Structures are given as C-alpha cells and as structure tokens.
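Scroll down for the structure; my scribbles are underneath it.
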Amino acid sequence: MRRIYHSTLALISLCFLAVFLVSLAVLVVQFNPFAPEVKEPSVLSLRVEGVITDTSEFIKTLRSYRDDPNIRAVVVHINSPGGLVGSSQELYSELKRVRDEARKPVVVAGGSVVASGAYYAASAADRIVANPGTVMGAISVLNQGTMLQEIVEEVHGQFKLAVQRSRRLSSDVVEKYADGRVFTGETAVRLGFADQVGTYEDALRIAGKLAGLGSKPKLFQPPAKPWDWRELINPPPALPEPSVAEVAQSLQAELSGKPLFLMPGIL
C-alpha cells in the first residue's frame, strides 16, 4: 500500500513539474524575457547580407522589436544580389508592415550591391540611401531549370508593380528599366529608384529625423542570434566550418530549379 502511495505521489509530482516546464517554455517563447531591452527611444538597426534564402531570423528579430514603443524607426543595411522569389517578397512584406501597421519609418542603407530581390525588399522603405557606386537594379527574374514561362512573367510583373507603387514611379519608367539592367547608386537617384546618395550614417540621420529623434538618434542593435531556451535542453552539435566550395555547392542546390530574383552572373 505504501509503495502504491509513493508511486502515485511521484507520478503527480512529475505531472506538476511537466506542466510547470511547459508553461515556462510558452511564456519564454511569447514574451522572451531574455531579449535585450530597448531602454530609450532608438532606431532599430538590421542587416541583410548575401544571397537571400532563409529570412526567418531576420523576420523573427524584426517582429520582436517593431511594436516596442522605444523603437521609433528601422534602418536596414542591405548588401545583397537578391535570391529566392518568396524570401525576397517576405522581406518586402515585413518591412512594408512596419510602415503601414506599426507606423514607423523604414530607411534602407545600400552597401556594395542592392540588386534584384534585395532591391525588391528595399523598395518597401520610406527612403533608400545608396553610395554613389552601389550596384542597384536588376529588376528581373532568373529562370532556373524548366519552369513555365508564364510563372516567370507573373512574378516579374509582381516585381515591377511593387517597385512602381512603392517608389511612386510611372509604369513607363519601370518598364524601361525592368529588363535586368543594373545602374549605380548615383544613377538610381537620378532615375527615382533611390532617394539620396549617402552612407549608412546618412540613412541613420534620415531615420532619426523621420521618427522625431533628431539627426543623432540612439541606435539599437539586437544580438546577431537571439537567445533560444531550447538550446539549453538540446544543445546544437559543434560543426566544422564549411569550405567556400561547400558553401557554393549548397547554395546552388538550394536555388536550383526555382524562380529567382537574383542578379545575373552570381551563380
């Protein structure tokens, strides 16, 4: 009888412990108390680097902070030749949501390259600032494999329409330059595909002024990788650094057979 009593008590204790751990996990996932706190009115700084494939971490970080009352604007430094169609459109939609729903200004600072899908994403911003020699444009779709031409034309049309509406350009101008050509940041400003020649610091000043924080706003940079409680329970294995050839091979495999908003010559 005593054995049954102790077994029942142990089982009840385990059930309570399981419920507690699950509840704690839900709270951490929803509210993430371990995320760095934004302590004063600031501009959120994010980066888009390299070929655009998996955008989940960028979007997760953006969503974590966009509704924070102390985040008054977002600056995104972009240095990318584009990437997957869907992923590029996700970035565009999320940045546009910051403007339309959170009512916060978004400013893009162009790096060496802001082309194709990266330019698609950038066009969602209130302002685009580019270096004079930034490679920009490539408003086109790269057809990989045996994809139907109708799909290529449809997503190309989506690209052109997004740029036309976001940049407030005439359809004639967009049609003229939406043939895959690239141009410098200086030319992009002259044609209306960007707003101003400048640097990241210029983009930050613009974001500060648009947000009412002045020309020298506080900058908030979240950690490169958000803390994940699940790694305490199941730590990821230590993996060797892949070689350049392995990275290129993996990237080609991921992009193969898909429609791409990617600057020609990258693959």
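Within segment 79-97, does at least one residue satisfy the condition of being of a type in the set (A, V, I, L, M, F, W, C), outside any helix (DSSP H, G or I) and in contact with a His (Cβ under 7 Å, 6 or more places away or on another chain)? No, that holds for no residue. Assessment of segment 18-37 against the conditions (in a loop (DSSP other than H, G, I, E, B) and at pLDDT 95 or above) yields no matching residue. Quick one: in segment 151-178, of everything that is more than 24 Å from the chain's Cα centre (by Cα) and among the charged types (D, E, K, R), which residue is farthest from Phe193 (Cα to Cα)? Checked segment 151-178; the qualifying residue farthest from Phe193 (Cα to Cα) is Glu153. As a summary of the residue check, Gly185 satisfies the conditions (1) without any contact (Cβ under 8 Å) to a residue 60 or more places away in the chain; (2) crowded, with 16+ Cβ neighbours inside 10 Å except for the one numbered (1). If I ask for residues that are in contact with a Lys or Arg (Cβ under 7 Å, 6 or more places away or on another chain), at negative phi and in a loop (DSSP other than H, G, I, E, B), which ones from segment 159-218 would you list? Hits for segment 159-218 are Ala178, Phe193, Asp195, Ala211, Leu213, Ser215. Restricting to segment 123-158, and then to whatever is charged (D, E, K, R) and either part of a loop (DSSP other than H, G, I, E, B) or out of contact with any helix residue (DSSP H, G or I) (no Cβ under 7 Å at 6 or more places or on another chain) (or both), can you tell me which residue is nearest to Gly110 (Cα to Cα)? Applying the filter and picking the extreme gives Asp126.
The values are calculated or read from the model by the stated rules, or taken from the named source; none is laboratory data. Here the structure is a predicted model, which means the values were calculated and not measured. Cβ coordinates were reconstructed from backbone atoms using ideal geometry, including for glycine residues, and neighbour counts include every protein chain displayed.
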